[in-house]
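Notes for the one structure printed next.
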Amino acid sequence: MVITRPQPSMLTREEHLERSKESALALLSAGRMREAVSSMMTDIVSSPSSALPHEIHAFGICAAAAGDTRAVREYIEGFI
């Protein structure tokens, strides 16, 4: 049996955001801090329902560059 996942365009904004957070937090838990920020940025920027200024991602980039796991987690979890 093949299980298909809904395409991003078929997801609600909340579902897309939750999936993005889960993926980024999994990367963060695996110690892949920069990839976690990159994953979240890519997902948020690619979302048609995202009207956030791109400058918000500077927080995540700076946190990852500083090696601040707590701040990266706050960046990821802060999207609502």
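The values are calculated or read from the model by the stated rules, or taken from the named source; none is laboratory data. Being a predicted model, the structure only gives us computed values, none of them experimental. FYI the Cβ positions are ideal-geometry reconstructions off the backbone, even for glycines, and counts take in every protein chain you see. Just so you know, the surface numbers come from the protein's heavy atoms only, side chains and all, with ligands and any DNA or RNA stripped out. Shrake-Rupley method; radii C 1.70, N 1.55, O 1.52, S 1.80 Å.
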Under the Karplus relation 6.51 cos²θ - 1.76 cosθ + 1.60, θ = phi - 60°, what is the ordered set of whole-Hz ³J(HN,Hα) values for the stretch 35-47, x standing for Gly and Pro?
5, 4, 5, 4, 4, 5, 4, 4, 5, 5, 5, 7, 6
Tell me the label-point distance for the pair L52, I80, using the 7 Å Cα-to-Cβ offset, in nm and rounded to one decimal.
1.3
A26 to R70: extension gain in nm, 0.36 nm per residue of separation minus the Cα-Cα distance?
14.4 nm
Within the set of other residues whose C-beta is less than 13 Å from the C-beta of K21, count the net charge using Lys and Arg as +1 and Asp and Glu as -1.
-4
Can you pull the one-decimal nm distance between simple spin-label points at E14 and C62, each 7 Å off the Cα toward Cβ?
3.2
Quick one: with all protein chains in place, what share of the accessible area of the stretch 29-80 is carbon or sulfur, to the nearest percent (1.4 Å probe)?
60
